Protein chains: 4
Amino acid sequence: MNKITILIHCKDSPNIIASVTNFIAQRNGNIVYIDQHVDREQNIFFMRLESEFTIPSFSTNTFKETFKNGLAKTFEMKWRIYSSEKKPRMALFVSKYDHCLYDILGRYNSGELNLEIPFIVSNHADLKPIADNFKIPFYHIPVTKETKAEAETKQLELLLKHKVDFIVLARYMQIISEKLIEKYPNKIINIHHSFLPAFVGAKPYHSAYKRGVKIIGATSHYVTEELDAGPIIEQDVAHVSHTYSIADLIAKGRDLEKIVLANAIKLHANRKVMVYNNKTVIFS
Amino acid sequence: MNKITILIHCKDSPNIIASVTNFIAQRNGNIVYIDQHVDREQNIFFMRLESEFTIPSFSTNTFKETFKNGLAKTFEMKWRIYSSEKKPRMALFVSKYDHCLYDILGRYNSGELNLEIPFIVSNHADLKPIADNFKIPFYHIPVTKETKAEAETKQLELLLKHKVDFIVLARYMQIISEKLIEKYPNKIINIHHSFLPAFVGAKPYHSAYKRGVKIIGATSHYVTEELDAGPIIEQDVAHVSHTYSIADLIAKGRDLEKIVLANAIKLHANRKVMVYNNKTVIFS
Amino acid sequence: MNKITILIHCKDSPNIIASVTNFIAQRNGNIVYIDQHVDREQNIFFMRLESEFTIPSFSTNTFKETFKNGLAKTFEMKWRIYSSEKKPRMALFVSKYDHCLYDILGRYNSGELNLEIPFIVSNHADLKPIADNFKIPFYHIPVTKETKAEAETKQLELLLKHKVDFIVLARYMQIISEKLIEKYPNKIINIHHSFLPAFVGAKPYHSAYKRGVKIIGATSHYVTEELDAGPIIEQDVAHVSHTYSIADLIAKGRDLEKIVLANAIKLHANRKVMVYNNKTVIFS
Amino acid sequence: MNKITILIHCKDSPNIIASVTNFIAQRNGNIVYIDQHVDREQNIFFMRLESEFTIPSFSTNTFKETFKNGLAKTFEMKWRIYSSEKKPRMALFVSKYDHCLYDILGRYNSGELNLEIPFIVSNHADLKPIADNFKIPFYHIPVTKETKAEAETKQLELLLKHKVDFIVLARYMQIISEKLIEKYPNKIINIHHSFLPAFVGAKPYHSAYKRGVKIIGATSHYVTEELDAGPIIEQDVAHVSHTYSIADLIAKGRDLEKIVLANAIKLHANRKVMVYNNKTVIFS
């Protein structure tokens, strides 16, 4: 059996849903999931649809081609069609913090994540033993001011060689260059350790402590050129009090970071995120 | 413009979605919302759909008739079709507690609730002044062991006379009889002041105190014959500690009760709840 | 029986706790609550203590005088001593939004709030009927650019005449002048409809919508001269999604605003808040 | 410098706080933390106090002896005094689930947990590689109906040999016998994968699915003879919907289990939990 996921967005107009569901029915597909959203301010229609095809002659490529030249043209759609046969391939960028890495690899091991991890890359060698334990190739690519461009070239080579679909910065404490962002638009997921847009930039827990907030948060977002300003995928928060030292905030924050990042990874890997106008539509 | 909401459930089978969306397209409807769910254990398909019709000749009754004799038969659907022109009519049953009543009437006044409140009924006269303030008819129908049957007859007369669609028990501290439940199946909403199924029955805050729980809750559910065991519509919780007395738990619980009940009312009034197998499907 | 609450802060040093508890024991007081906090960064000691005195000769004034000339001098304390006999008096400032007003008066009526409300003041007459229902004097003092100074003079007269202890801005949509802030330092409580420090200033729900956040919040804080930058008393949040319009965010936010403001009022009225360095210590 | 933590509970009476703080001041101790609670229903006083002693002659044993023969007798206290020099020793019991184990060891490694883990014991060998990675001794003690008594004897030998202070059942899927419970009263921490008292016993996620709850939870509690009925230390919850399969509930629940168990471990290890009347007082 073939199963495909279709993501569409286009200018809103009547009959899009009926046209697409009809198109699938005509090809003997069984729709198992459909969800849609209309942004009334922008007048944009979004849809996510999963369909199963049991006829032996079904070809995802033919389907794509026909869709592209038919409906997609009629409604001027932006669209993507994914086959469930191919799991997305995720590269992990880490630095020295291990909590998000342990969390992701634990979930990966337990079968919770529907993806492949071809490799882990880091600017430090500290976390190599963890990668070894989980039997995932680890590349140590040091980054200094002088070697930054060279390091990025190496990273890019790895990404292309391993046919990586998206990148996760699991507390990778480096600014990502425009070059990489352009190659992976809305495909680089970062975890920021604050409730954005509060406390943009470095040391958010210190800022939260100084401001005396009663709740701290973590935010997972796509990386764009503007720092910590990309489309937000997932956020969560936890209550704190005046008794929390900065170290306490950091410890509490680690739990948030792990869960928020893991949820963002799952949403992205299951093709449940669409981006428009620097915001996300999350089909859950 | 006409707008209708369709709720469907039936045995799952291919092409339901395409058939329904097609049916609407053929009648020049524009689907503005579609959501579906398949219960894999029971193999039941659920769908909620909103559609707008701009052609002057559109008739909701004709649409219903054609739907009933066509698709509904083919797929053996249980279905309901609501016109947005008609707001659901909600009767409020209260006793002596005023917090839920104030909350609901405050929201009603501010236009937050898409419904009509033809009257409030109570077994006590205490809350009449509040009803008066908000200019809603108030009926005092005392209930004693001896007069219970008679009181219910009076309630039922009021409900029928005012063409009530659903009933909300806003801390109405009386057991509802089978007779009334049968007339309003999955149309009587209760707020229970615990996180069901923990602490079924009377005095849940006392039980929560005794058990030493660290979280209390409130649950809104449809009333069925088994006490506090009907389909759950909405739940919420709040953290508490050993410092909370029973009075503190009750005060904290009031905030939960208000919000949980208000949310359940909104979900029901907006026809976003379907019930199957003593559970709810909530389309949000 | 006399019951007093003591709030202290001073430079941290050994023996403060023993000295204070001893001081009370010598006067036959029974300590029923004690809590303390040390800000390690600033090296400041904070304490909150409740004590009961059953001897007939006890005088709060004598106690205060002795405390002031003894311990308070020794440790160079900032301190306040409140008798439980005197409930704090709270003035409510409102404008046109009624949800916080209904919520506060509902709690007031049910005995949940340990305070007096001598009057409500508003720059509009719209909410007068609500004040009338709850039988609380209502003063309509219009505020325009031209009459602002004059209006404040009237407000101040009312506050002094009614011996108001603290002010609550229950969605009072006006900037409070320095003059009033200086007279009531850390005694004017505002509810801001965002998770501060995100979305400072006007129209936070519009900003939240634009940024595409997945969580919205509300913040109660003391008013200082810098807009929305005063010490935070209480915050809470709620999850939202891309399906929320601005109107939906505003409706969801109202529930947060009510609860966050009510909690802040309770904390302040029960003398559980201390302010230092633009942050709060909350003894709960 | 010596630092001790004192936990006390006794019948409530005047002057306990002053007597204890005085006792410490007389020995040149500096109280750095004090918190107390009175259970008004039972009339029981609880206190937790941390004190530092800088004089070279200070002896924890002498302090204990004097306390025992003086204040403890006067007020008929139940008391414990811990020196901060000695970290509590925690034995981990696991079975085949690895998520709690990874989580605990990750925190242990990062220095977040103030305790020693002398060994891990399991009725299966599956998780030995994880123990090896973290360089913690692992004992495989199989448990069958026939060998249960024998297995417990071996467990008890290990516990005594390694001077274990408390036991954590990190999803150890076996009933603990009375014998072990008696030796470690309120010192065996279990994580139950539901919001107790809802869904006591096996397969709580299946029961939650069947009941159609909108929130699931996890509960950490001390093990007593009655199944899942011991004093609750910590609880947390997460919102779910009709779209969650049992597998989804289990996956979501794992995140709750990890955090709730970790928090309970931290509270216990930092001596912040007191038990009375099958309930906990949590000093945080």
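When the criteria are applied in full, D:Ala251 meets the requirement of being open to solvent by less than 40 Å² (accessible area, probe 1.4 Å), modelled with pLDDT under 95 and in a helix (DSSP H, G or I).
Checked against the criterion of being among the hydroxyl-bearing types (Ser, Thr, Tyr), part of a loop (DSSP other than H, G, I, E, B) and open to solvent by 10 Å² or more (accessible area, probe 1.4 Å), the candidates D:Thr153, D:Thr144 yield just one match: D:Thr144.
Taking the stretch D:115-141 as the range and being open to solvent by less than 70 Å² (accessible area, probe 1.4 Å), at pLDDT 95 or above and part of a loop (DSSP other than H, G, I, E, B) as the test, the residues that pass are D:Leu115, D:Ile117, D:Pro118, D:Phe119, D:Asn123, D:His124, D:Ala125, D:Leu127, D:Ile136, D:Pro137, D:Ile141. When D:Val38, D:Val94 are checked against the criterion of being in contact with a Phe, Trp or Tyr (Cβ under 7 Å, 6 or more places away or on another chain) and assigned by TED's automatic domain parsing to the domain that holds D:Lys187, a single residue qualifies: D:Val94.
Between B:Ile215, B:Ile181, B:Ile188, the distinction of being at pLDDT 95 or above, aliphatic (A, V, I, L, M) and within 25 Å of D:Ala218 (Cβ to Cβ) belongs to B:Ile215 only.
Rundown of residues vs (1) within 15 Å of the chain's Cα centre (by Cα); (2) over 13 Å from B:Leu92 (Cβ atoms), yes/no style:
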| site | (1), (2) |
| --- | --- |
| B:Leu115 | yes, no |
| B:Ser122 | no, no |
| B:Pro129 | no, yes |
| B:Asp132 | no, yes |
| B:Lys154 | no, yes |
| B:His162 | no, no |
| B:Ile167 | yes, no |
| B:Lys183 | yes, yes |
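All of B:Gly111, B:Gly106 fail the test of being within 14 Å of chain C (Cβ to nearest Cβ), on the phi > 0 side of the Ramachandran plot and either open to solvent by 20 Å² or more (accessible area, probe 1.4 Å) or out of contact with any Gly (no Cβ under 6 Å at 6 or more places or on another chain) (or both), apart from B:Gly111. Can you find, within the stretch B:1-26, the residue that is most open to solvent (accessible area, probe 1.4 Å) among those that are more than 22 Å from A:Asn28 (Cα to Cα) and modelled with pLDDT under 95? Only one residue tops the list, namely B:Met1.
Could you tell me whether D:Pro204 is more than 16 Å from D:Arg254 (Cβ to Cβ) and more than 17 Å from the chain's Cα centre (by Cα)? The answer is no for D:Pro204.
Pairing each residue of the stretch C:249-262 that is more than 14 Å from C:Leu113 (Cβ to Cβ) and at the interface with chain B (Cβ under 8 Å from one of its Cβ atoms) with any residue that is among the aliphatic types (A, V, I, L, M) and open to solvent by 20 Å² or more (accessible area, probe 1.4 Å), provided the two are 6+ apart or on different chains, yields C-beta distances under 7 Å for C:Asp255/B:Ile259.
Between D:Glu226, D:Glu257, D:Glu234, the distinction of being assigned to a helix (DSSP H, G or I) and either open to solvent by 10 Å² or more (accessible area, probe 1.4 Å) or within 26 Å of C:Ala238 (Cα to Cα) (or both) belongs to D:Glu257 only.
Does the stretch D:196-209 contain any residue that is farther than 17 Å from D:Val94 by Cα and of a type in the set (Val, Ile, Thr)? Break it down stepwise before answering.
Here is the first cut: in the stretch D:196-209, the ones farther than 17 Å from D:Val94 by Cα are D:196-201, D:203-209.
If we keep only those that are of a type in the set (Val, Ile, Thr) too, we end up with D:200.
Yes: one or more hits.
Looking at the structure I just gave you, is A:Lys78 touching a His at 6+ places or on another chain (Cβ under 7 Å), more than 14 Å from chain B (Cβ to nearest Cβ) and either open to solvent by less than 20 Å² (accessible area, probe 1.4 Å) or more than 23 Å from A:Val168 (Cα to Cα) (or both)? For A:Lys78, the condition - touching a His at 6+ places or on another chain (Cβ under 7 Å), more than 14 Å from chain B (Cβ to nearest Cβ) and either open to solvent by less than 20 Å² (accessible area, probe 1.4 Å) or more than 23 Å from A:Val168 (Cα to Cα) (or both) - is met.
For the residues D:Lys73, D:Lys87, D:Lys68, the requirement of being more than 16 Å from D:Asn263 (Cβ to Cβ), outside any strand (DSSP E or B), in contact (Cβ under 8 Å) with a residue 12 or more places away in the chain and open to solvent by 20 Å² or more (accessible area, probe 1.4 Å) singles out D:Lys87. Of the numbered criteria (1) more than 9 Å from chain C (Cβ to nearest Cβ); (2) open to solvent by less than 10 Å² (accessible area, probe 1.4 Å); (3) of a type in the set (A, V, I, L, M, F, W, C), the one A:Phe195 fails is (1). The condition (being within 14 Å of A:Asn15 (Cα to Cα), touching a residue at least 40 places away in the same chain (Cβ under 8 Å) and either assigned to a loop (DSSP other than H, G, I, E, B) or within 14 Å of chain A (Cβ to nearest Cβ) (or both)) is satisfied by just one residue among B:Ser19, B:Ser13: B:Ser19. Of all residues in the stretch A:267-284, which are more than 9 Å from every other protein chain (Cβ to nearest Cβ) and charged (D, E, K, R)? Scanning the stretch A:267-284 gives A:Arg271, A:Lys272.
Scan the stretch B:27-65 for residues that are surrounded by fewer than 17 Cβ atoms within 10 Å (Cβ to Cβ), closer than 30 Å to D:Ser245 by Cα and more than 10 Å from every other protein chain (Cβ to nearest Cβ) and jot them down. Listed by number, the residues that qualify are B:Gln42, B:Asn43.
Mind checking whether some residue in the stretch B:95-114 is in a strand (DSSP E or B), in contact with a helix residue (DSSP H, G or I) (Cβ under 8 Å, 6 or more places away or on another chain), of a type outside the set (Lys, Arg) and at pLDDT 95 or above?
Looking only at the stretch B:95-114, we keep the residues that are in a strand (DSSP E or B), and these are none.
Looking through the stretch B:95-114, none of the residues is in a strand (DSSP E or B), in contact with a helix residue (DSSP H, G or I) (Cβ under 8 Å, 6 or more places away or on another chain), of a type outside the set (Lys, Arg) and at pLDDT 95 or above.
In the stretch A:198-217, the qualifying residues are those that are open to solvent by 10 Å² or more (accessible area, probe 1.4 Å) and within 18 Å of C:Lys214 (Cα to Cα), and the one that is nearest to the other protein chains (Cβ to nearest Cβ) is A:Phe199.
Could you check, for the stretch A:177-189, whether at least one of its residues is open to solvent by less than 30 Å² (accessible area, probe 1.4 Å), in a helix (DSSP H, G or I) and over 22 Å from A:Asn270 (Cα atoms)? Yes, the stretch A:177-189 contains at least one residue that is open to solvent by less than 30 Å² (accessible area, probe 1.4 Å), in a helix (DSSP H, G or I) and over 22 Å from A:Asn270 (Cα atoms). Here C:Ser220 fits the description: among the small types (Gly, Ala, Ser), surrounded by 24 or more Cβ atoms within 10 Å (Cβ to Cβ) and either within 9 Å of chain A (Cβ to nearest Cβ) or closer than 21 Å to A:Gly217 by Cβ (or both).
The values are calculated or read from the model by the stated rules, or taken from the named source; none is laboratory data. Being a predicted model, the structure only gives us computed values, none of them experimental. All Cβ positions, even for glycine, are placed from backbone atoms using ideal geometry, and neighbour counts span all protein chains on display. Heads up: the accessible areas ignore ligands, DNA and RNA and are worked out on the full protein's heavy atoms, side chains in. Shrake-Rupley method; radii C 1.70, N 1.55, O 1.52, S 1.80 Å.
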